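Structure first, commentary second.
The values are calculated or read from the model by the stated rules, or taken from the named source; none is laboratory data. Just so we're clear, the structure is a prediction, and the values are computed from it rather than from any experiment. Positions of Cβ are backbone-derived with ideal geometry, glycine not excepted, and every protein chain shown enters the neighbour counts.
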Amino acid sequence: MLELQEKPVSAPKQGHPPFGLRQPASPLDWPDLENLDDPRALQARIDRIPIWHHKFELPGGVWTKGPFKPEERLHRFGIPQRLDGKTVLDVGAWDGFYTFECERRGAQVTSADTWNPEHLVTSEGYAVAHRALKSKALPIRVSVHDLDPALHGQFDLVLFFGVFYHLTNPFEALQKLRAVTRQTLIVETASDMRLARLPALRFYEGSELANDNTNWFAPNAAALIAMCKAAGFRDAKLQWRLPLPKALARSAYRLVRFGESPIQSFNRGRIVVHATV
Ligand SMILES: C[S@@+](CC[C@H](N)C(=O)[O-])C[C@H]1O[C@@H](n2cnc3c(N)ncnc32)[C@H](O)[C@@H]1O
């Protein structure tokens, strides 16, 4: 007789351990956001924030302290130079660089993020930059999975940068994004499987992608385009990926410098897709 054996349960992938970070219920409701017009006071307030993601300039020549310079990637996204009269939703806004950039280009912006301290993300940097820039952007603490046009409205332009690969159900996220997009969704994500001819996503059981165990899936361009269309967008097109000669040069460099498999490094990179309603 067939004996049913209990399957060993492997430990599920965990998020980062909590870091003792606390944050107020409302994204802007941090203490000590007054008197930030003086550059030295602003710098001191910035210095007190333990974790930043974006490095960008605030009034008075003061810079935020993230490891990542989003300005260097701006050219990849194809965001219109002027957004006067447009509404923008920036999903996964974190410190808000793209929110404030769209506002600078004339848009009325809503910033959505979970700002979850268990993933070492808080809204404190966003709150300080928002105050320093006298921004009118509206921050809402919401997961992409809970976006609802009846509650949050629809937006001419929706930005979804650097979030796809953190999700266990990225297709559902695209469906939710479709529901709140009036014109265009721009998705930027880590990508994998560039060599595959068919639409394909790579699944990461552990921390194989960037040594970060909050990463789950990375699509190739064909998969992201197909997923956007299947989620209800009329059309989707690749806007940016590393051009072939540069991708080959990068693989050669990573082989020599780190001994990384050239197949793996060629497969991996970032992509940007525009999906239209
Ligand atoms: C890698 S960062 C990207 C930040 C920014 N968009 C950029 O490209 O520089 C990922 C961001 O997505 C947010 N995030 C993660 N899961 C989310 C979810 N389910 N809904 C909304 N935001 C989420 C994180 O809190 C974090 O701010």
| task | List the number of the failed condition for Leu120; all other conditions in (1) modelled with pLDDT of 95 or more; (2) among the hydrophobic types (A, V, I, L, M, F, W, C); (3) under 19 Å from the mean Cα position of the chain (by Cα) hold. | result | (1)
| Which condition does Tyr204 not pass, out of (1) more than 27 Å from Pro80 (Cβ to Cβ); (2) in contact with a Pro (Cβ under 7 Å, 6 or more places away or on another chain), if it passes all the others? | (2)
| said: Please determine whether any residue of the range 110-124 is touching a helix residue (DSSP H, G or I) at 6+ places or on another chain (Cβ under 6 Å), β-branched (Val, Ile, Thr) and more than 9 Å from the ligand (Cβ to nearest atom). | reply: no
| task | Quick one: count up the residues across the range 244-276 that are farther than 16 Å from Glu188 by Cα and not in a helix (DSSP H, G or I). | result | 3
| remark: Of Asp192, Asp156, Asp146, the only residue that is more than 28 Å from Pro59 (Cβ to Cβ), modelled with pLDDT of 95 or more and surrounded by fewer than 23 Cβ atoms within 10 Å (Cβ to Cβ) is Asp146
| request: Search the range 169-188 for residues being closer than 16 Å to Ala223 by Cβ and either assigned to a loop (DSSP other than H, G, I, E, B) or polar (S, T, N, Q) (or both), and hand back the single one that is farthest from the ligand (Cβ to nearest atom). | output: Gln175
| said: Given the options Ala221, Ala226, Ala210, name the one that is more than 16 Å from the ligand (Cβ to nearest atom), surrounded by fewer than 20 Cβ atoms within 10 Å (Cβ to Cβ) and over 28 Å from Ala137 (Cβ atoms). | reply: Ala226
| request: Select, from Leu159, Leu151, Leu138, the only residue that is within 10 Å of the ligand (Cβ to nearest atom) and either out of contact with any Pro (no Cβ under 7 Å at 6 or more places or on another chain) or basic (Lys, Arg) (or both). | output: Leu159
